[in-house]
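Structure first, commentary second.
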Amino acid sequence: MTSTTDPRTHAVQETLRAQRIELPSWAFGNSGTRFKVFAQAGVPRDPFEKIEDAATVNRLTGIAPKVALHIPWDHVDDFAKLRQHASDLGVELGTINANVFQDNDYMLGSVTNPNPAVRRKATNHLLECIDIMDQTGSRDLKLWFSDGTNYPGQDDVRARQDRLAESLAEVYARLGDNQRLLLEYKLFEPAFYTMDVPDWGTAYAHCMQLGPKAQVVVDTGHHAPGTNIEFIVALLLRSGKLGGFDFNSRFYADDDLMVGAADPFQLFRIMWEVRRGGGLDASVGVAFMLDQCHNIEPKIPGQIRSVMNVQEATAKALLVDAGELAAMQAAGDVLGANAVLMDAYNTDVRPLLAQLREQMGVDRNPMAAYAASGYAEKISAERIGGQAAGWGA
Ligand code: LRH
Ligand code: MN
């Protein structure tokens with residue numbers, strides 16, 4: 001299979017040509033851990049420069065024309081100007097990420113805080129993010145809450161859910177017709193006893209209560225070790241509640257490493273369930289976003305490699321002989337069925353992807369093309385002075 005002349009290769013390439021990966025603006029800024037944030041040369045100083053770096057990734061991969069923003073990290077006085085800047089570079093402004101996890105007032109929670117004034121402040125920020133979406137033309141508001149508790153008894157678990165539901169209902173009501181609210185869950189960190197949205201079930205329950213414009217985001221780093229994430233993906237797709245992914249990979253916790261780097265087989269299994277559940281069809285509306293931090297590796301090549309890792313996993317998932325698999329499953333042929341999936345996974349898809357890139361007018365080897373472009377040297381020379389972007393944590 002996979003000779004670049006094989007007829008199925010063409011069908012696979014057609015689907016891959018339509019794939020879209022959304023890049024996180026914050027991946028281009030300095031990032032790290034509580035121990036150290038390592039500053040790198042050439043890091044952008046403002047959202048305009050972040051967009052330039054994202055546009056470079058799109059130019060070299062051909063499938064990353066959208067940049068997710070994080071507010072206030074990417075707040076500007078004139079979002080129309082930022083939108084025009086993006087458009088001039090062939091990309092568009094994507095998902096708006098709210099941030100109610102870095103203000104001192106949110107120590108005991110943001111929208112779940114016992115203090116109604118703090119809840120009001122947090123909800124107002126979420127509403128402001130929708131005002132920004134109206135200016136950027138973004139479809140999605142992504143909500144991740146660091147809210148939780150560290151000790152049993154610290155606060156009333158039930159009451160916090162009521163407060164969360166109240167705030168989400170107000171935000172949901174403010175959404176425009178073509179706008180969505182994407183709710184992201186996370187098992188732990190920064191809270192270590194309860195997180196108020198710890199798992200897919202809690203996010204799903206709130207989204208069902210809110211309505212059709214509320215969907216769940218699966219961040220691949222936000223589960224307990226050993227969690228079968230592709231099962232969650234299959235279930236959310238089946239119930240029309242998979243709004244998007246925050247792709248990254250991890251060996252232990254929320255490591256935010258390059259997607260597919262730690263566990264390429266898991267990424268393949270996830271992309272197989274995405275394909276099986278119709279999630280590759282743009283009309284289903286799954287947002288495929290990266291959410292990563294390149295703490296020690298160069299950031300733009302890190303993003304290029306990550307986009308390529310998602311492409312490779314998707315190509316392998318598209319090579320699964322679904323008909324043969326279904327026949328094996330119906331026959332109860334356990335090993336046969338497993339072999340069909342493993343055949344696809346063990347297929348070298350790099351020639352197929354290199355040929356596709358050529359057909360799309362981008363370099364067969366985006367990493368080599370970036371190294372040869374001189375862009376890294378250019379930004380290191382130009383971006384002197386000013387405040388390098390980061391999480392400001
Ligand atoms: C939280 C998270 C969330 C973002 C942040 C940058 O861990 O995954 O998606 O807001 O990372
Ligand atoms: Mn995330």
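The values are calculated or read from the model by the stated rules, or taken from the named source; none is laboratory data. In this text, all values refer to a predicted model and were calculated from it rather than measured experimentally. No Cβ is skipped: glycine too gets one built from the backbone with ideal geometry, and neighbour counts run over all protein chains shown. When the accessible area is computed, the model is the full protein with side chains, heavy atoms only, and any ligands, DNA or RNA have been set aside. Shrake-Rupley method; radii C 1.70, N 1.55, O 1.52, S 1.80 Å.
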Expected single match for under 21 Å from residue 99 (Cβ atoms), open to solvent by less than 40 Å² (accessible area, probe 1.4 Å) and within 16 Å of ligand 2 (Cβ to nearest atom) among 184, 189 is 184
Since residue 83 meets every condition but one in (1) part of a loop (DSSP other than H, G, I, E, B); (2) open to solvent by 10 Å² or more (accessible area, probe 1.4 Å); (3) in contact with an Asp or Glu (Cβ under 9 Å, 6 or more places away or on another chain), which condition does it not meet? (1)
Set 5, 15, 123, 9: member being at pLDDT below 95 and in a helix (DSSP H, G or I): 9
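For every residue, the table says whether it meets (1) under 21 Å from the mean Cα position of the chain (by Cα); (2) within 28 Å of residue 134 (Cβ to Cβ); (3) within 12 Å of ligand 1 (Cβ to nearest atom).
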{"site": "176", "(1), (2), (3)": "no, yes, no"}
{"site": "179", "(1), (2), (3)": "yes, yes, no"}
{"site": "185", "(1), (2), (3)": "yes, yes, yes"}
{"site": "189", "(1), (2), (3)": "yes, no, yes"}
{"site": "195", "(1), (2), (3)": "yes, no, yes"}
{"site": "198", "(1), (2), (3)": "yes, no, no"}
{"site": "206", "(1), (2), (3)": "yes, yes, no"}
{"site": "211", "(1), (2), (3)": "no, yes, no"}
{"site": "220", "(1), (2), (3)": "yes, no, yes"}
Quick check on my filter: what residues within the range 60-103 are touching a residue at least 24 places away in the same chain (Cβ under 8 Å) and among the basic types (Lys, Arg)? 66, 83
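Looking at the range 323-356 only, could you name the residues that are without any contact (Cβ under 8 Å) to a residue 12 or more places away in the chain and part of a loop (DSSP other than H, G, I, E, B)?
Kept after step one, since they are without any contact (Cβ under 8 Å) to a residue 12 or more places away in the chain, are these residues of the range 323-356: 323, 326-327, 329-336, 338-339, 342, 346, 354.
Once the filter is applied, which keeps residues that are without any contact (Cβ under 8 Å) to a residue 12 or more places away in the chain and part of a loop (DSSP other than H, G, I, E, B), the range 323-356 yields 331, 332, 333, 346.
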Can you pull out every residue in the range 24-42 that is in contact (Cβ under 8 Å) with a residue 24 or more places away in the chain and either farther than 19 Å from residue 72 by Cβ or open to solvent by 10 Å² or more (accessible area, probe 1.4 Å) (or both)? 26, 30, 32, 33, 37, 38, 39, 40, 41, 42
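So for the range 97-106 (the condition being part of a strand (DSSP E or B), closer than 24 Å to residue 27 by Cβ and at pLDDT 95 or above), does at least one residue qualify? Give the steps one after another, and end with the answer.
Residues of the range 97-106 that are part of a strand (DSSP E or B), as a first pass: 97.
Narrowing the set further to residues that are closer than 24 Å to residue 27 by Cβ leaves 97.
Narrowing further to those that are at pLDDT 95 or above: 97.
Yes, some residue in the range 97-106 is part of a strand (DSSP E or B), closer than 24 Å to residue 27 by Cβ and at pLDDT 95 or above.
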Looking at the range 127-155 only, could you name the residues that are part of a helix (DSSP H, G or I) and hydrophobic (A, V, I, L, M, F, W, C)? 127, 129, 130, 132, 133
Which count do you get for residues in the range 198-212 that are in contact with a Gly (Cβ under 9 Å, 6 or more places away or on another chain) and open to solvent by less than 60 Å² (accessible area, probe 1.4 Å)? 2
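Starting from residues that are away from ligand 2 (no atom under 16 Å from the Cβ) and open to solvent by less than 10 Å² (accessible area, probe 1.4 Å), keep the ones in the range 303-312 and report whichever is nearest to residue 363 (Cα to Cα). Can you show your working first?
Step one: of the range 303-312, the residues away from ligand 2 (no atom under 16 Å from the Cβ) are 304-305, 307-309, 311-312.
Of the ones still in play, those that are also open to solvent by less than 10 Å² (accessible area, probe 1.4 Å) are 304, 307, 311.
Values: 304: 12, 307: 14, 311: 15 Å.
For the range 303-312, the residue satisfying everything is 304.
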